[in-house]
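Novice: Pasting in a structure now, in structure tokens, and then I'll have a few things to ask.
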Amino acid sequence: MDISLLRTFLEVAKVRHFGKAAETLCVTQSAVSARIKQLESTLDVELFIRKRGDIQLTIAGNRLQRHAETIVKGWARARQDIAMESSLSDSIAIGCMNDLWPITVKGLCLQLTQQAPEMLMQIEILTRDMLIQRLTSGLLDLAFMFEPPQMSELLIRKVMDVPLIMVSSREGLLAAEAVQSGYTLVDWGNSFASLHAEYFPDAAVPIMRTGSGGLAYDLIQ
């Protein structure tokens, strides 16, 4: 299997446009079409539903997408490990959720570079689902998240407690008042959602939902 075929497939699946995928990959649009046709011929399935101005993944395409990401990432890491300079003794792939980078992971990574300067470090900021997928497929050695899955194949350790502080753009508001008007709700996971519903059973529908505390804080400011 030519890895470039999978890279091309992933780019088309991402932008849903052969021309835009060609620009990103620095090839011609006909080359992109030829690669997709070759991949479909190899797998003996159709990967995209092609309509004028609208390209959608087929069921087979959706199934391939997850495997293709694992294969492409795995190949990149294999090449990196094989080509590792002799001065580097080992490597580690670390992933974390966006909000955890400034809170704890940044400091831990800096500490690691000081304690093991000979180690090659790869760091990725990903969603919880992507972190779990890459952990289970062996593309990450270590991942930091707020609510880890209870999976037997993963070794789970608590790193720290992260206090959540409610903030407002208006002074003097009680928490119960804040959730009634102009409220931005951050999704911190299922445990938080259950406690939030318990503490604020009559809360109004939030004007915004987001999975990033940093993003919510910026918007509130």
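The values are calculated or read from the model by the stated rules, or taken from the named source; none is laboratory data. Fair warning: this is a prediction, and the values are worked out from it, not measured in the lab. Neighbour counts are summed over all protein chains in view; Cβ atoms, including those assigned to glycine, are modelled from backbone coordinates with ideal geometry.
Novice: Which of the residues spanning the stretch 31-59 are assigned to a loop (DSSP other than H, G, I, E, B) and touching a helix residue (DSSP H, G or I) at 6+ places or on another chain (Cβ under 7 Å)? Full working, then the answer.
Specialist: Kept after step one, since they are assigned to a loop (DSSP other than H, G, I, E, B), are these residues of the stretch 31-59: 44-47, 52-53, 58.
Hits for the stretch 31-59 are Val45, Glu46, Leu47.
Novice: Out of the residues in the stretch 158-183 that are among the β-branched types (Val, Ile, Thr) and either in the same structural domain as Gln133 (by TED's automatic domain parsing) or more than 22 Å from the chain's Cα centre (by Cα) (or both), which is surrounded by the most Cβ atoms within 10 Å (Cβ to Cβ)?
Specialist: The qualifying residue surrounded by the most Cβ atoms within 10 Å (Cβ to Cβ) is Val179.
Novice: Further question: Given the condition under 14 Å from the mean Cα position of the chain (by Cα), under 30 Å from Ala178 (Cα atoms) and not assigned by TED's automatic domain parsing to the domain that holds Thr184, answer yes or no: does some residue in the stretch 102-121 qualify?
Specialist: Checked the stretch 102-121: no residue is under 14 Å from the mean Cα position of the chain (by Cα), under 30 Å from Ala178 (Cα atoms) and not assigned by TED's automatic domain parsing to the domain that holds Thr184.
Novice: Could you identify the single residue in Leu135, Leu139, Leu155 that is in a loop (DSSP other than H, G, I, E, B), assigned by TED's automatic domain parsing to the domain that holds Ser91 and either among the small types (Gly, Ala, Ser) or within 30 Å of Arg79 (Cβ to Cβ) (or both)?
Specialist: None of the other options fit; the residue is Leu139.
Residue by residue, here is whether (1) assigned to a strand (DSSP E or B); (2) at pLDDT 90 or above holds:
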{"site": "Lys14", "(1), (2)": "no, no"}
{"site": "Glu23", "(1), (2)": "no, no"}
{"site": "Gly61", "(1), (2)": "no, yes"}
{"site": "Gln65", "(1), (2)": "no, no"}
{"site": "Ala68", "(1), (2)": "no, no"}
{"site": "Asp81", "(1), (2)": "no, no"}
{"site": "Met84", "(1), (2)": "no, no"}
{"site": "Leu88", "(1), (2)": "no, no"}
{"site": "Ser91", "(1), (2)": "yes, no"}
